[in-house]
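Following: one structure in structure tokens, then a few remarks.
The values are calculated or read from the model by the stated rules, or taken from the named source; none is laboratory data. Given the structure is predicted, the values throughout are model-derived calculations rather than measurements. Cβ placement follows ideal geometry from the backbone for every residue including glycine, while neighbour counts extend to all protein chains displayed.
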Amino acid sequence: MSERSNPRVIPRRTPAEETWRVFRIMAEFVDGFDVMSRVGSAVSVFGSARATPDDPYYIKAEQLGAALSRHDFAVITGGGPGIMEAAGKGAYEAGGTSIGLNIALPEEQRANTYQNVSLEFRYFFCRKVMFLKYAVGYVCFPGGFGTMDEFFEAMTLIQTGKSGKFPVVLVGSAFWEPLVEWMRTYQLENNQWISPEDLDLFTITDDVEWVPAFIAEQYAAALEQQPAEAPGPGKHDELTAEGTKDGRDPRPRRGPASYDDLQR
């Protein structure tokens, strides 16, 4: 059986091909960091690409985009149809900033026209970094696997301390509450695979007009808790790896903090 007829066979790639892939990945990060670092306070909005303009959640997402703009938040979406289009449209038509992080997919993804900042991605993981790194809040509308992926990634990063705590809002109680009940029953009570406080890492609502004020309040509180001065060179016990959202490692330091320490 040939590689072409058997999708389970991993195609052979030369070292040169893999090296050039690294440069393509790096280029996406460089472009994303360059553009997104100028955006200011933003909220990432997720939801189904299949929602139509007459869907109640599409209408709510459009209202949310406009409300976020009135609170001076930029709106980040995946740039596609459905909920992404609705949130971007609301922000765009309200005179705010609508950022589309577009990606080429075989189906469903077509760039909507409601973007005044637009980026193109080949790799999902590069795109997902932009959603998280440059957002002060997440809002998830009902959706499919992609929406679940973004929601649970946010939960994982906050729960493990790889990200500072930021507001995650789930819009649509009828959609989300059965999932939360499953989490409470099967992940918490029956198996203790999560902690009780993990279910407090997100908020469910049906009132999209309430969401911007809630995120603004949480954002202001987070700013007050930040240190007045970032750690400077030589303060090895305060420095961290790049992996954390707020630049500080939540774990106590174990072992040498720098190469210099290793030489002692």
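What residue, among those in the stretch 136-159 that are among the polar types (S, T, N, Q) and farther than 20 Å from GLY88 by Cα, is surrounded by the most Cβ atoms within 10 Å (Cβ to Cβ)? It would help to see each step written out before you state the result.
Pass one, the stretch 136-159, residues among the polar types (S, T, N, Q): 147, 156, 159.
Subsequent filtering for residues that are farther than 20 Å from GLY88 by Cα retains 156, 159.
Working: THR156: 11, GLN159: 16.
Residue satisfying both the conditions and the ranking: GLN159.
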Report task. Name every residue in the stretch 65-92 that is closer than 15 Å to CYS140 by Cβ, of a type in the set (A, V, I, L, M) and not in a helix (DSSP H, G or I), in order of residue number. Result -> VAL75, ILE76
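Are any residues in the stretch 93-114 part of a strand (DSSP E or B) and of a type in the set (Val, Ile, Thr), and if so, which ones?
Of the stretch 93-114, the ones part of a strand (DSSP E or B) are 98-103.
Result: ILE99, ILE103.
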Query raised in the report: Hey, does the stretch 43-54 have a residue that's surrounded by fewer than 14 Cβ atoms within 10 Å (Cβ to Cβ), in contact (Cβ under 8 Å) with a residue 24 or more places away in the chain and touching a Phe, Trp or Tyr at 6+ places or on another chain (Cβ under 7 Å)?
Result: yes
Query raised in the report: Could you list, in sequence order, the residues of the stretch 115-135 that are surrounded by 14 or more Cβ atoms within 10 Å (Cβ to Cβ), part of a helix (DSSP H, G or I) and in contact with a strand residue (DSSP E or B) (Cβ under 7 Å, 6 or more places away or on another chain)?
Result: ARG127, MET130, PHE131
Query raised in the report: Name the pairs: first residue in the stretch 77-95 and within 14 Å of ILE59 (Cα to Cα), second residue among the β-branched types (Val, Ile, Thr) and surrounded by fewer than 23 Cβ atoms within 10 Å (Cβ to Cβ), Cβ to Cβ under 7 Å, at least 6 apart or on different chains?
Result: ALA91/THR97
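If I filter the stretch 136-154 for residues that are without any contact (Cβ under 8 Å) to a residue 60 or more places away in the chain and touching a strand residue (DSSP E or B) at 6+ places or on another chain (Cβ under 8 Å), do I get at least one hit?
Looking for residues that are without any contact (Cβ under 8 Å) to a residue 60 or more places away in the chain and touching a strand residue (DSSP E or B) at 6+ places or on another chain (Cβ under 8 Å), one finds at least one in the stretch 136-154, hence yes.
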Query - Where a residue in the stretch 9-27 is under 28 Å from MET130 (Cβ atoms) and its partner, wherever it lies, is at pLDDT 75 or above and part of a helix (DSSP H, G or I), with Cβ under 8 Å and at least six apart - result: ILE25/CYS126
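Take the residues in the stretch 70-113 that are of a type in the set (Ser, Thr, Tyr) and modelled with pLDDT of 95 or more, then tell me which one is farthest from the chain's Cα centre (by Cα). Even if it seems obvious, please write down each step before you answer.
Our first condition is that a residue be of a type in the set (Ser, Thr, Tyr); within the stretch 70-113, this holds for 77, 92, 97-98, 113.
Next, from what is left, pick out any that are modelled with pLDDT of 95 or more: 77, 92, 97-98.
On the way: THR77: 9, TYR92: 20, THR97: 17, SER98: 15 Å.
The selected residue is TYR92.
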Requested in this report: Please verify whether the stretch 170-181 includes one or more residues that are buried (at least 17 other Cβ atoms within 10 Å of the Cβ), in a helix (DSSP H, G or I) and at pLDDT below 95.
Outcome: no
Requested in this report: Return the pairs, sorted by first residue and then second, in which the second residue is of a type in the set (S, T, N, Q), the first residue lies in the stretch 182-203 and is surrounded by 10 or more Cβ atoms within 10 Å (Cβ to Cβ), the beta carbons are less than 6 Å apart, and the residues are 6+ apart or on different chains.
Outcome: TRP193/GLN187; ILE194/GLN187; ASP198/GLN159
Query raised in the report: If ALA222 satisfies every condition in (1) surrounded by 10 or more Cβ atoms within 10 Å (Cβ to Cβ); (2) modelled with pLDDT of 95 or more; (3) assigned to a helix (DSSP H, G or I); (4) not β-branched (Val, Ile, Thr) but one, which is the exception?
Result: (2)
